[in-house]
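Taking it in order: structure first as structure tokens, then the write-up.
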Amino acid sequence: MNRFYVLLGIVAAVAVGLLVYSAKQDTGGTTARGANPAVTITAQDSAFKGYVLGSDSAPVKVVEYVDYECPICAMFATVQFPTIRDQLIRTGKVQWRLRDYPLPPTTHRWSRLAASAVACASEQGKAWEMIDALFDHHDWALQKSDPTDVFRGLAKDQGVNVDTWNACLSSDRYAGRIQASVNAGDALGVNGTPTIYINGRELEGANRSSDLIQHIADSIIAARKK
Amino acid sequence: MSRHRQTIAVLALIGIAIATYLWLHAIGVIGVLKCGTGGCEIVQASPYARLLGIPVALYGVVGYVLLFGLSVAGARPALAARAWPTRWLAVLSGAGFLFTLYLTALEVFVIHALCRWCLGSAVVITAIFVSALAGLPRKT
């Protein structure tokens with residue numbers, strides 16, 4: 001019987017140790033988690049407020065913090081976002097702003113590279129094409145090898161001038177802009193991706209369906225009309 | 001009979017750890033699950049990760065705690081010879097097993113993603129159920 005309690009104690013100690021270790025790893029503070037002191041952020045970097053779809057006059061403003069390697073972001077982008085784009089953004093109800101929030105390389109190794117790939121495509125007016133391509137062909141996120149060649153192929157498919165895109169990616173000139181976006185997310189308390197704010201209020205919970213977002217948007221619009 | 005209950009107690013403790021890990025993720029204490037495939041995040045972000053507004057993982061924590069308490073109490077000398085703790089362990093773990101079967105079917109057929117931690121919990125609850133059935137007194 002004593003051996004039984006010793007075994008229980010050992011299992012409990014190991015379990016508690018692993019849980020505390022996991023919790024501490026992830027709650028080191030969002031600022032510490034996203035901070036990257038090696039990157040210099042200019043005023044121009046901070047002035048960039050993300051990739052925008054939709055009218056400035058839309059009554060509902062949505063900001064989504066996204067990590068291109070994140071599987072939930074990919075699922076949201078491919079399952080929910082097409083409906084949101086058709087029924088809310090194109091109808092002028094919602095303006096959607098997508099901001100970079102690459103998780104640390106220990107979690108998502110290629111997130112910053114993907115964010116740079118989008119930034120470099122944005123130079124040629126192809127940001128959303130590249131974003132869609134990264135999520136539509138998300139197999140790259142499951143591979144351990146460097147996805148630069150995959151990104152290059154996707155960029156080419158979107159009509160991006162690859163030579164210019166290559167030079168941009170090699171220069172890593174958007175590192176500051178991406179970090180500025182991460183810092184902005186940290187300041188808001190972003191603690192994972194995707195994190196969505198609708199007119200400044202965080203969409204809480206796991207339900208990020210297009211139906212729910214449409215319902216919230218319609219409620220906001222209806223309240224404005226009163 | 002006591003041996004079966006001791007086995008169940010150890011398994012339930014492992015189940016508590018797994019369910020607590022998933023629950024801490026659900027309430028935002030743990031940011032990203034260590035999963036390997038990404039399937040855990042897809043499953044945990046699906047609408048099926050909550051039941052009646054409560055994270056499914058919390059039902060797991062409660063269930064495993066009940067199994068743990070019952071098995072530890074049943075393994076004590078005062079109750080070792082009684083059959084009812086094992087019967088209750090079989091009933092509880094049977095319910096947990098069926099619930100897990102439903103959740104695993106959702107992962108495979110509806111969500112199309114597998115969460116390794118959920119599968120780990122499925123293995124644990126199955127082992128508990130089998131141990132409880134094996135520990136039931138047999139009619140002679």
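Coordinate-derived values only; no laboratory data. Predicted, not measured: the structure shown is a model, and the values here were computed from it. A quick note on method: Cβ atoms are made from the backbone with ideal geometry, for glycine too, and the neighbour counts reach across all protein chains shown.
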Worksheet, complete the sentence: Of the candidates A:TRP110, A:CYS70, A:LEU212, the farthest towards the positive dipole end of the protein assembly as shown (Lys/Arg Cβ +1, Asp/Glu Cβ -1, centred on the Cα centre) is A:LEU212
Worksheet, complete the sentence: For chain A, the percent of all C-alpha pairs falling in each 5 Å bin, from 0 up to the bin holding the max distance, is 1, 6, 13, 16, 17, 15, 11, 7, 4, 3, 2, 2, 1, 0, 0
Worksheet item: Hey, which of these cross-link pairs are over 26 Å Cα-Cα: A:LYS61/B:LYS34; A:LYS49/A:LYS226; A:LYS93/A:LYS126; A:LYS126/B:LYS34?
Response: A:LYS61/B:LYS34; A:LYS49/A:LYS226; A:LYS126/B:LYS34
Response to the item:
For chain B, longest principal axis from Cα atoms; helix B:116-135 axis from its Cα atoms; angle between them, nearest 10 degrees, is 10
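Quick one: Kirkwood hydrodynamic radius for chain B, alpha-carbon pairs, angstrom, one decimal?
By the Kirkwood definition, the hydrodynamic radius is 15.4 Å.
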Worksheet item: Fewest to most neighbouring Cβ within 10 Å: what's the order for A:CYS168, A:CYS73?
Response: A:CYS168, A:CYS73
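Just to be sure I understand the rule: take each whole DSSP H helix in chain A, project its Cα atoms onto its long axis, keep it if the span is 18 Å or more and its mean Kyte-Doolittle hydropathy is at least -0.5. Which ones pass?
Those that clear 18 Å and a mean of -0.5 are A:2-26, A:175-188, A:210-225.
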Worksheet item: aspartates and glutamates within cross-link reach of A:LYS144: Cα-Cα under 13 Å, excluding same-chain residues under 8 positions apart?
Response: A:GLU69
Fill in: Helix axis angle, B:56-75 relative to chain B longest principal axis, alpha carbon, degrees
20
Worksheet item: Once the Cα atoms of helix B:84-105 and of chain B are each reduced to a long axis, what angle between those two axes, in degrees from 0 to 90 to the nearest 10, is obtained?
Response: 20
Practice prompt. Please give the calculated 222 nm ellipticity per residue for chain A, where each DSSP H segment of at least 4 residues contributes -39500 (n - 2.57) and the sum is spread over every residue; nearest 500 deg cm²/dmol?
Written response: -15500 deg cm²/dmol
Practice prompt. Work through the residues other than A:VAL66 whose Cβ is under 11 Å from its Cβ and net out their charges, Lys, Arg +1 and Asp, Glu -1.
Written response: -2
Item to complete: Lys and Arg at +1, Asp and Glu at -1: add these up for the other residues within a Cβ distance under 9 Å of B:ALA75 and post the number.
Response: +3
